[in-house]
Every structure is written in structure tokens, then in C-alpha cells.
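Data first, discussion second: the structure below is written as C-alpha cells.
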């Protein structure tokens with residue numbers, strides 16, 4: 001993950017698989033995982049390639065269930081938010 005500017009953390013058990021984050025992601029790295037089901041019976045979102053995350057936070061802002069957290073990094077790989 002050498003070029004990563006962001007890290008997406010997904011609370012899989014809170015995700016309802018609505019797909020709003022997949023539409024909001026400019027890097028198109030989020031998709032609904034059709035191979036998994038969480039404890040609530042939903043197919044949660046997954047990250048396809050974390051190295052392409054730009055750390056914009058659009059996915060977290062769009063999530064109605066507050067299931068996504070985005071950590072952003074500066075050029076020295078220090079976390080610049082939470």
C-alpha cells in the first residue's frame with residue numbers, strides 16, 4: 001500500500017449493503033460483496049483495492065448507517081485524522 005492516502009474501515013455488521021458508498025467513491029474501489037452475509041442478513045460492502053484509496057471520505061459521508069470510517073495520511077504516512 002505504498003501510495004495509499006487513505007484507509008477505509010468498514011463495520012461489516014452495521015452495513016446494510018445499500019450501495020450509496022459505491023456510487024460516491026471516485027476511485028470505484030467499493031463494491032457489494034455478494035459472497036458474504038453479515039449477522040443482519042445483508043451483503044456488506046468491501047474494498048477491492050485499498051492502494052487506490054485517495055482518502056476523500058465521500059464513502060463515509062454517504063453511509064446512512066455510519067458503518068464506514070476513513071483514515072487519511074500525509075506524505076510521511078502519519079494519520080492526519082482520527
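The table for this structure:
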| quantity | calculated |
| --- | --- |
| Extreme residue, surrounded by the most Cβ atoms within 10 Å (Cβ to Cβ), among residues of region 24-36 that are assigned to a loop (DSSP other than H, G, I, E, B) and within 13 Å of the chain's Cα centre (by Cα) | 25 |
| Output for region 39-54, where each listed residue is farther than 18 Å from residue 18 by Cα and surrounded by 16 or more Cβ atoms within 10 Å (Cβ to Cβ) | 52, 53, 54 |
| Filtered residues of region 2-15 (kept if outside any loop (DSSP other than H, G, I, E, B) and either surrounded by 15 or more Cβ atoms within 10 Å (Cβ to Cβ) or without any contact (Cβ under 8 Å) to a residue 40 or more places away in the chain (or both)) | 6, 7, 8, 10 |
| Failed item, numbered, when residue 51 is tested on (1) in a loop (DSSP other than H, G, I, E, B); (2) under 16 Å from residue 72 (Cα atoms) | (1) |
| Pair list, Cβ under 9 Å, 6 or more apart: region 65-82 residue on the phi > 0 side of the Ramachandran plot and surrounded by fewer than 11 Cβ atoms within 10 Å (Cβ to Cβ), other residue outside any strand (DSSP E or B) and modelled with pLDDT of 80 or more | 66/11; 66/14; 66/60 |
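Condition check ((1) in a helix (DSSP H, G or I); (2) on the phi < 0 side of the Ramachandran plot; (3) out of contact with any strand residue (DSSP E or B) (no Cβ under 9 Å at 6 or more places or on another chain); (4) in contact (Cβ under 8 Å) with a residue 40 or more places away in the chain) across all residues:
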position	(1), (2), (3), (4)
17	no, no, no, no
38	no, yes, yes, no
43	no, yes, no, no
46	no, yes, no, no
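The values are calculated or read from the model by the stated rules, or taken from the named source; none is laboratory data. Since the model is a prediction, treat every value here as computed from it, not as a measurement. Note that we place each Cβ from the backbone using ideal geometry, even for glycine, and neighbour counts take in every protein chain shown.
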